[in-house]
Amino acid sequence: RTPEVVILSAEAFDRLAATDAAEGTLDLGAVVRSESPTTNAIGYLQGSDPAAGTLLIPAPWDHIGVRRGGVVMYGANDDASGVAAVIELARALAADGQPRRSILFAAYGSEELGLLGSQYFAEHPPVPLTDIVANLEIEMIGQQDPKMPAGVMMMTGFARSHFGTLMKERGALIAPDLYPEQNFFQRSDNYQLALQGIVAHTISGWAVTPTYHTPEDTIANLNLPFMTAAIQSLVEPLRWLANSDVRPQWTAEGRPTRD
């Protein structure tokens with residue numbers, strides 16, 4: 001189906017957000033409808049055992065474009081950093097030859113418009129969803145949260161499954177999300193897969209970085225040594241998972257529902 005998205009101006013959004021009522025009315029004036037294509041890109045490393053399942057390693061590739069007055073929003077951290085991580089992990093894991101499990105690398109379009117690319121992926125998967133043993137989304141790893149231990153990324157919904165613990169035990173520089181009240185687990189592309197029952201999480205370096213959705217989100221403001229070490233720390237844990245029998249599981253109340 002074609003998703004319908006209403007985009008409000010900053011002023012209209014602020015007026016709506018300022019209302020205390022559970023329901024509100026906003027006069028939008030003339031509504032202009034536009035249609036444009038979006039694209040998901042995928043790469044597939046076929047495993048040697050068709051019954052072993054598939055690992056999914058994605059990132060959103062879009063950003064928010066050019067704003068009023070011609071201001072360019074570059075999106076170096078959000079999420080060129082995640083796309084770079086997916087590409088480098090694909091390069092490293094493919095260099096080992098054929099893994100036991102297949103690995104699907106994906107770059108989703110239209111994440112900023114409402115997780116549309118990952119929604120389409122979940123509704124039209126290139127492999128059966130029951131074959132996907134785990135999903136590791138990578139987003140905004142170009143800067144590190146100063147509240148985290150040096151070199152460590154955060155994983156959204158860490159306590160919802162055993163996936164993070166399995167990765168951390170094998171060298172992944174990850175820890176629980178510091179901002180559970182922000183609901184980042186539900187706000188990234190991993191959630192579309194989690195709703196299908198797949199153990200799916202997002203890792204990031206600093207989810208509330210000051211450059212978020214600003215013109216200052218440029219390569220000059222990336223912490224490249226942190227980003228490099230973060231990506232490198234994921235290689236061995238993912239290599240292990242791609243060649244093991246282990247399938248990450250939800251905790252007793254970790255799996256989300258549409259309710």
Q. In region 4-35, which residue that is open to solvent by 100 Å² or more (accessible area, probe 1.4 Å) and of a type in the set (Ser, Thr, Tyr) is modelled with the highest pLDDT?
A. Ser34
**Q.** Residue ID - nearest to Ala200 (Cα to Cα), chosen from residues in region 50-69 that are modelled with pLDDT of 90 or more and of a type in the set (Gly, Ala, Ser)
**A.** Ala59
Q. Is region 237-251 home to any residue that is modelled with pLDDT of 95 or more, open to solvent by less than 60 Å² (accessible area, probe 1.4 Å), in contact with a Ser or Thr (Cβ under 6 Å, 6 or more places away or on another chain) and part of a strand (DSSP E or B)?
A. yes
Q.
Looking at region 68-91 only, could you name the residues that are in contact (Cβ under 8 Å) with a residue 60 or more places away in the chain, out of contact with any helix residue (DSSP H, G or I) (no Cβ under 9 Å at 6 or more places or on another chain) and open to solvent by 40 Å² or more (accessible area, probe 1.4 Å)?
A. Val71, Val72
Q. Of everything in region 92-134 that's among the polar types (S, T, N, Q) and open to solvent by 50 Å² or more (accessible area, probe 1.4 Å), which residue is farthest from the chain's Cα centre (by Cα)?
A. Gln98
Q) Across region 174-210, which residue is least open to solvent (accessible area, probe 1.4 Å) among those that are modelled with pLDDT under 95 and of a type in the set (Val, Ile, Thr)? A) Thr209
Q: Among the candidates Ile64, Ile42, single out the residue that is open to solvent by 30 Å² or more (accessible area, probe 1.4 Å), touching a residue at least 40 places away in the same chain (Cβ under 8 Å), part of a loop (DSSP other than H, G, I, E, B) and farther than 18 Å from Trp240 by Cβ.
A: Ile64
Q: Would you check which residues across region 185-197 are at negative phi and in a loop (DSSP other than H, G, I, E, B) and list them?
A: Ser188, Asp189, Leu195, Gln196
**Q.** Where Thr228 falls short, out of the listed (1) over 30 Å from Val72 (Cβ atoms); (2) without any contact (Cβ under 8 Å) to a residue 60 or more places away in the chain; (3) assigned to a helix (DSSP H, G or I)
**A.** (1)
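The values are calculated or read from the model by the stated rules, or taken from the named source; none is laboratory data. Keep in mind the model is a prediction, meaning the values are calculated, not measured. Here the Cβ is made from the backbone with ideal geometry for all residues, glycine too, and neighbour counts use every protein chain on show. Accessible surface is based on the protein model in full, side chains and every heavy atom, while ligands, DNA and RNA are left aside. Shrake-Rupley method; radii C 1.70, N 1.55, O 1.52, S 1.80 Å.
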